[in-house]
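Engineer: Here it is, the structure in full.
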């Protein structure tokens, strides 16, 4: 019964997928920001932004963030990189088919199909938060897709289990159907509190909230309950990929346990670390120039 309820709950987050795909391609999400494109895989119509020239670096928009809040990052990075920012499945305006189930390998395989078709081989994967698990998995199983991993607020599966427990202490979002219904009702209300908890540069919160509010008004998704219940069911720690790994951490992020900071460096050998004491959960948005400098230093041969 639990499996059935979990699948049913996930369907609440993927219903009307075909209609959403058409609406997003022709409506506000297609015109709100320059350089926005869409790419359809087997299960997802990804909304992404592409700008600049040079080595390809791929950022994952960390919900409730959508592409609209990445303008400063694009301006900083696109002078030296071909920048791709992609909204994850059933997050933002990346609509999915109704049979998409949020499973760990299912999601990573579909995201890898996007990377192969759009980013190409040998990209730098700058994935954030829980999506960093996807970067580790993709880089291990499909190493041709990634040359380097520059991961933000990243950790292993145990670290994210602690993070999940802290963010949902009563287990409400972890309950099938109920979690999806609560998240759908509370997402816009939860957003300001999330930013207050996670952002280091408090003067940026108003801008982040305004962008997210506008995106929610036009149908942006934040399928956190389904991600908690299914994608984050991964139990075993992932093997270390062969690619060089950089862990970027914003210490002013109060959404993560302090002990999670640079947990990748304790889990794997030869992980380089950069800490920004005054930045929070999205250091790449709070101070893109500083994150750019850290990544450039990481990429330079020693």
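Engineer: Expressed as a rounded percentage, what relative contact order does segment 216-273 have, with Cα pairs under 8 Å and six or more residues apart?
Structural biologist: 32
Engineer: To continue, here is another question. Is any residue of segment 43-61 close enough, with backbone N under 16 Å, to a label point placed 7 angstrom from the Cα of residue 121 along the Cα-Cβ axis, and if so, which?
Structural biologist: Under 16 Å, as judged by backbone N against the label point of residue 121, lie 56 of segment 43-61.
Engineer: Sticking with this one: Write down the percent of antiparallel bridges among all DSSP beta bridges whose residues are both part of the chain, to the nearest 5.
Structural biologist: Numbers: 13 of 36 bridges.
Antiparallel bridges make up about 35 percent of those DSSP assigns within the chain.
Engineer: Something else about it: For segment 85-228, what does the relative contact order come out to in percent, with C-alpha contacts under 8 Å and a separation of six or more?
Structural biologist: Details: 133 pairs, mean separation 36.8, N = 144.
So the answer I get is 26 percent.
Engineer: Taking the Cα of residue 278, stepping 7 Å toward and past its beta carbon, and measuring to each backbone N in segment 186-223: which are under 16 Å?
Structural biologist: Output list for this probe position: 199-205.
Engineer: To make sure I understand, if each residue's beta carbon is the centre and we count other beta carbons within 10 Å, what order do 7, 175, 105 fall in, fewest to most? Walk me through the numbers before you get to the answer.
Structural biologist: Details: 7 15, 175 19, 105 12.
Ordered by Cβ neighbours within 10 Å, fewest first: 105, 7, 175.
Engineer: I've got another one for you. Using Cβ counts within 10 Å as a stand-in for footprinting exposure, how do 87, 300, 144, 50 rank, fewest first?
Structural biologist: Values: 87 28, 300 7, 144 11, 50 19.
Starting with the residue having the fewest Cβ neighbours, the order is 300, 144, 50, 87.
Engineer: Take the Cα pairs of the chain, get the Kirkwood Rh, then feed it into Stokes-Einstein at 20 °C and 1.002 mPa s and tell me D in µm²/s. Let's see the in-between values first.
Structural biologist: On the way: Rh = 19.1 Å.
It comes out at roughly 112 µm²/s.
Engineer: Roughly what percent of Cα-Cα pairs across segment 1-128 reach past 27 Å?
Structural biologist: On the way: 1484 of 8128 pairs.
The share of Cα pairs beyond 27 Å in segment 1-128 comes to 18 percent.
Engineer: Right, here's the next one. Please report the relative contact order for segment 2-299, taking Cα pairs under 8 Å with a sequence separation of at least 6, and give it as a percent rounded to a whole number. Write out the running numbers ahead of the final one.
Structural biologist: Working: 592 pairs, mean separation 63.0, N = 298.
Relative CO of segment 2-299 lands at 21 percent.
Engineer: Cα atoms only: what Rg and Dmax, in Å, come out for segment 134-291?
Structural biologist: Just the Cα atoms of segment 134-291 yield Rg and Dmax of 16.4, 44 Å.
Read-outs: derived from the displayed coordinates by stated rules, not from any lab. Quick caveat: nothing in here was measured; it's all calculated off a predicted structure. Neighbour counts are summed over all protein chains in view; Cβ atoms, including those assigned to glycine, are modelled from backbone coordinates with ideal geometry.
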